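Heads up, the thing below is written out as structure tokens.
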Amino acid sequence: MSKKTNSLLFMLVATLVNLVLLLLFLIIGFVAMGLIVSYVPSSESLMPLMLILVFGLSIFGSFFIYSRLIRWATVRFSLEDKLDPLFTSKRNVRRRDD
């Protein structure tokens, strides 16, 4: 396989991992929100704030874990020499013989 194909497959798998992480954090957040609402009766008025907090923390958490996983995988499996940038500017196009 070429470097471009490797890069494309890596990005597809990484995107799927990011979506799974996002769904996992959303599920955990909604379960925690449900437990808070069921045990603290006065927390129902804070429901909109908790929803925003769950969505925000889910997005931030999944992006944070995703970026750490990508860094770890790049170093662990030495992917820098196996992957090629998918998008390059006209100025940074490498010669074909590289």
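Quick notes on this one:
- Conditions (1) at pLDDT below 95; (2) in a helix (DSSP H, G or I); (3) open to solvent by 60 Å² or more (accessible area, probe 1.4 Å): number failed by Ile70: (3)
- The range 39-51 - residue that is more than 30 Å from the chain's Cα centre (by Cα) and either at pLDDT 90 or above or not in a helix (DSSP H, G or I) (or both) and, of those, surrounded by the fewest Cβ atoms within 10 Å (Cβ to Cβ): Tyr39
- Tally, over the range 1-38, of residues that are part of a helix (DSSP H, G or I) and under 30 Å from Lys82 (Cβ atoms): 23
- Among the residues of the range 4-17, those that are open to solvent by 80 Å² or more (accessible area, probe 1.4 Å) and more than 20 Å from Ile65 (Cα to Cα) comprise Lys4, Leu8.
- Condition met for Ser58 (surrounded by 14 or more Cβ atoms within 10 Å (Cβ to Cβ), on the phi < 0 side of the Ramachandran plot and polar (S, T, N, Q)): yes
The values are calculated or read from the model by the stated rules, or taken from the named source; none is laboratory data. Values in this document were obtained by computation on a predicted structure and should not be read as measured data. Quick reminder, even Gly has a Cβ in these numbers, built from the backbone with ideal geometry, and neighbours come from all protein chains shown. These accessible areas exclude ligands, DNA and RNA; they are computed on the full protein's heavy atoms, side chains included. Shrake-Rupley method; radii C 1.70, N 1.55, O 1.52, S 1.80 Å.
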